[in-house]
Amino acid sequence: MIVLGVNAYHGDASAALLVDGQLVAAVEEERFNRVKHCAGFPRLAVEYCLAHAGIRVEDIDHIAIGRNPRAHLVDKVSYAIKHRPPVTVVADRVKNMLRTRSPKVGLATALGVDPERLRATTHGVEHHRAHMASAYYASGWEEAAVVSIDGFGDFVSTMWGEGVGGKVEPFGRISFPHSLGIFYSAITQFLGFPKYGDEYKVMGLAAYGKPDLVPKLRNVLRVGNGSFELGLDYFQHHTKGVAMTWEGEPSFERIYSDALVDLLGPARAPKSEVTDRDKALAASAQALFEEAMFEILDAAAKRSSSRRLCLAGGCAHNSLAAGKIVPRGHFTDLFVQPAAGDAGTALGAALYVEHHKLGRLRRFVQKASYFGPSFTLQEIEAVLKKEGVEYRVLDEATLAEQVADDLVRGSVVGWFQGRSEWGPRALGNRSILADPRRDDIQDLMNEKIKRREMFRPFAPALPLEDVGEYFEQTSPDPFMTKVYSIKPDKRATIPAVSHVDGTGRLQTVTRAENPRYYDLLKSFGKRTGVPVLLNTSFNENEPIVNTPEEALACYLRTKMDVLVMENAYVSRRG
Ligand SMILES: [Fe+2]
């Protein structure tokens, strides 16, 4: 049984392929076409998934897309009757509806094959059910509360329910125009970060301010009674319609209205100085966001008999909030789908069809997130030779020793190995690594690799068995989805990955999941007594590198000291 899932005509286009219930390949289109968060049909991602599995389009039994234009029709019609949205908003929706309704034709057109050749049945899976499925089925848990929170999808922003006996059953939802994702994106824009996906900058900035503006923001986002709503005067997505550009990198028009400027003063101009007001606003928006999210999670916890939680939707990428869920006590375990944003609906839609619709037994548990392309040493050597770059091939033991030595000496290392990561985080296969003990890391990274705002923290990776020595919380997080508190006496040991509030968005690593990366952490620990590395994504103002050519190009145009691709070792230091 072959099920192809796609996220198409929407940000973070992607594809995921299930063969007999196992996830065999999953990847975002941006990794191939090099346009961040790109929309459109994920032609290259689909081609990769099929090629990896050795499957032709004719072999696909089911195609699942994480949208269903017919979902929530009653909500849509009653909203339209009550509020009469402007014609442009309606026209945009209809256009998107027509495209998503026929993924089969989209697939055939994109791959240049006759639609007649495709025998697959197509399924539109309602957007939030796709998000929920991406977390519930991937967790491997039999029972769990399941929550999806994002901007909007199929007219809904939030859905909560339960996964029981292999089925996903929603209990409740919050519909357009109310949305936590829209709230956070509006504040992100107001704070002068205009790009699609810039929300994590606000999350980083939040640690620098006090949440003094929460009382004012309570008019903008009202929380209570197991729900939340927007103060609609402060927004214009529901009146003007906020045009979204899906060609190239997605972008939104301004979401907030002039009333927000009246409330908070002028918006921060992009790239201008970050003021105390801006820091306080980031902290306040984060605090209120968490309050609203916990309100929804508590509502889910009350209805569900399970103390486990599966979380997805773009807002699940708020790792600061996610890290607080288990300590709050309503849930004992948390699984966050690493591709929690809309890319993950490709996987979720496929899993939903496989299990919820077709009732097939569950066989897949997501323990790691390496489902993209990999390259052989021979392919890598061919690239290096073509570019005339000198390299050595090192055996595994020597490689770990050599790179650990380099890191101790202050090298910044490009680390490219195995299959690329599914989801936005680099997890040791397309990573840039450095010594976390340094206290000049911002200067070093700015000088050598990429300029980034000082308030954005770098993340630590460490072996799972060492987590208790460095962090207050010890539950595994192989996907880097939660921010934990670093033990106070360890913060000075790893300053490069300790945020200003003493937290770190860690990745726990096991040898079973990633042996080469694990061995490097251990080798570094043997030399320094600190088995921790700084891990940031392997890129420079672009999507994460996907091929050896892109990794090498990034190495050559930056001042990275060392490049490792599989067992090939390249160094500027000789
Ligand atoms: Fe979504």
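Quick look at the values:
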quantity	calculated
Size of charge dipole - the range 288-342 - debye, nearest 20, with Cβ of Lys, Arg +1 and Asp, Glu -1, no other charges	260
Part-to-part distance (alpha-carbon centres) for the range 501-574 and the range 15-37, which is given in Å	22
Per residue value of the accessible surface for the chain (all protein chains in place, 1.4 Å probe), Å²	38
Gyration tensor verdict on the range 366-441 (Cα atoms; rounded if a/c is under 1.5, prolate if a/b is larger than b/c, oblate otherwise)	oblate
Accessible area of the chain belonging to carbon and sulfur atoms, whole % at 1.4 Å probe	51
The range 296-368, Cα convex hull volume normalised per residue, Å³	115
For the chain, calculated [θ]222 nm from helices alone, where every DSSP H run of n ≥ 4 adds -39500 (n - 2.57)	-10500 deg cm²/dmol
When each of Lys450/Lys559; Lys450/Lys526; Lys367/Lys482; Lys201/Lys450; Lys167/Lys302; Lys104/Lys195 is checked by Cα-Cα distance, pairs over 21 Å	Lys450/Lys526; Lys104/Lys195
Largest to smallest accessible area among Val530, Val24, Val393 [probe 1.4 Å]	Val393, Val24, Val530
With DNA, RNA and ligands ignored, accessible area of Phe176 (1.4 Å probe; Å², nearest 10)	20
The range 383-519: radius of gyration over Cα atoms, expressed as a fraction of 2.2 N^0.38 Å	1.09
Overall Cα dimensions of the chain - principal axes, largest extent first, Å	70, 61, 44
Rg over Rh [alpha-carbon atoms, Kirkwood Rh] for the range 10-69	0.97
Cα gyration tensor, the range 325-468 - rounded (a/c under 1.5), prolate or oblate	oblate
Dipole magnitude (debye, nearest 20) for the range 114-258, charges at Cβ of Lys, Arg, Asp, Glu	340
Most positive-pole-ward Cα, Ile296, Ser284, Phe335, against dipole of the range 256-346 from beta carbon charges	Phe335
For q = 0.12, 0.16, 0.20 Å⁻¹, Debye-computed log10 I/I(0) when each Cα of the range 237-306 counts as one equal scatterer	-0.57, -0.88, -1.04
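The values are calculated or read from the model by the stated rules, or taken from the named source; none is laboratory data. The structure displayed is predicted, hence computed values, not measured ones. Reconstructed Cβ throughout: ideal geometry from the backbone, glycine too, with neighbour counts over all protein chains shown. What goes into the accessible areas is simple: the full protein's heavy atoms, side chains included, and nothing from ligands, DNA or RNA. Shrake-Rupley method; radii C 1.70, N 1.55, O 1.52, S 1.80 Å.
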